[in-house]
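In what follows, a structure is listed as structure tokens, so that the remarks can point back to it.
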Amino acid sequence: MENIKSIENEIISKIEKADNERALEEIRISELGKKGRISNILKKVGSLSPAERKEIGSSINTLKKIITEKIREKRDYLLKIEIDTKLIKEKIDVTLPAQIKQQNNGRIHPVSQVLDEISEIFGSLGYELADGPDIESEYYNFNALNIPDSHPARQMHDTFYLSKNNGKKGQSLLRTHTSPVQVRTMEKGKPPFKFISPGRSYRADSDQTHTPMFHMIEGLVVDEEANLGHLKWTLETFLSSFFENNEIKVRLRPSYFPFTEPSLEVDVLCDRSGSTLKIGEGSDWLEVAGAGMVHPNVLKASNIDSKKYQGFAFGFGLDRLAQLKYGIPDLRTLFSGDIRWLKHYGFLALDIPTLARGLKK
Ligand code: PHE
């Protein structure tokens, strides 16, 4: 009996010292296992006298129960400790900002964005869309627009000529403006006309405010009474809704284009001194459009009765408008194809700031 009590104490102290499940399992195997200490003692019980057998046998069974129970308790305890440490270690701070996985979404280029915005405005003013080719002939790009062969204005446009010759229509070239669409559209239809025509234009020119390829939006209104007042209203209404600002500083300057008479140029006040372009401040004027009353010779070239019909035309530099609205200091970066630039200046497809939804913050 003494012996069994001391075995019990010994095992219990071993169990108390075990500080992990593996150590505990080793104790269980060496004490309670088939070849363990207690089984061995039980085996010897058979050789004892019946009286001893009964007594010792029952105390060994009790020992077995006590040890089994102690091991179970200790296992539960170790498990609890393990869970508690895990809980402390893996504590979640719900007040931390969520970690959002950055997705590589594509972006809408500012030029496409601005084109949508402009089309929306002119659409709401009742304008239709017209289209013309990038590769033009001298006839549509110049002659039909009242710029005859020897006209000095031809030299003003640094034209990219192509080798193809179209006979009467002259040499092929990359159109230097979108104005040829005026003639192409009027030739095909009947007045009144009211349309815009966005597209690419090309001139051999490159600096902070010029790129060899750029985008323009041509506008034409021809009916029996369209006048200069309508033109002024249209330019101002368009600019203030495009820039979402009635205070926008616009300057209309007398100018010269062979295809309009009178002609004017449209400037917007801006500050170009810093790293971003600011609109409505500073002392720089950025030219954004040319405009005027359609020259009778252009109507005649388009088979329109210039005694009965008159109208106005304008051509906006789309990239310049994007530059001004979204503070892009150098025009050339629009076409540099730099993905980092696009990430910064581009728009998310589902986040298009339309007129209804306001400017992107
Ligand atoms: N085509 C002119 C330009 O390229 C702009 C313009 C369009 C001027 C229509 C008058 C009328 O600068």
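So for each of 282-290, 311-319 I average, over its residues, the number of other beta carbons within 10 Å; can you give me the resulting order with the highest mean first? Don't jump to the answer; show the numbers that get you there.
Values: 282-290: 17.4, 311-319: 24.8.
Answer by packing, highest mean first, reads 311-319, 282-290.
How about Lys308: which lysines have a C-alpha closer than 21 Å to its C-alpha, ignoring those fewer than 8 places off in the same chain?
Lys188, Lys190, Lys194, Lys300
How much length is gained if the chain between Lys101 and Arg251 is pulled fully straight, taking 0.36 nm per residue apart and subtracting their Cα-Cα distance, in nm to one decimal? Intermediate results must be reported in sequence, preceding the final value.
Details: separation 150, 0.36 × 150 = 54.00 nm, distance 4.70 nm.
Between Lys101 and Arg251, full extension yields an extra 49.3 nm.
For Thr276 and Ser112, calculate 0.36 nm times their separation in residues minus their Cα-Cα distance, and state this gained length in nm to one decimal.
Details: separation 164, 0.36 × 164 = 59.04 nm, distance 2.05 nm.
The span from Thr276 to Ser112 would gain 57.0 nm if fully extended.
Give me the 1.4 Å probe accessible area per residue for region 1-95, excluding ligands and nucleic acids, in Å².
Working: 7220 Å² over 95 residues.
Value for region 1-95: 76 Å² per residue.
Accessible area of the chain with a 1.4 Å probe: how many percent of it is carbon plus sulfur?
Numbers: 11080 of 20690 Å².
Roughly 54 percent, rounded to a whole number.
Residues of region 210-299: accessible area per residue at 1.4 Å, in Å²? Don't jump to the answer; show the numbers that get you there.
On the way: 3980 Å² over 90 residues.
Result: 44 Å² per residue.
Kindly flag which residue pairs out of Lys14/Lys54; Lys278/Lys325; Lys5/Lys64; Lys35/Lys70; Lys14/Lys65 have an alpha-carbon separation exceeding 18 Å in this structure.
Working: Lys14/Lys54 28 Å; Lys278/Lys325 8 Å; Lys5/Lys64 12 Å; Lys35/Lys70 20 Å; Lys14/Lys65 16 Å.
Pairs exceeding the cut-off: Lys14/Lys54; Lys35/Lys70.
The values are calculated or read from the model by the stated rules, or taken from the named source; none is laboratory data. These figures come from a predicted structure and were not determined experimentally. Cβ: placed from backbone, ideal geometry, glycine included. Neighbour counts: every protein chain shown. When the accessible area is computed, the model is the full protein with side chains, heavy atoms only, and any ligands, DNA or RNA have been set aside. Shrake-Rupley method; radii C 1.70, N 1.55, O 1.52, S 1.80 Å.
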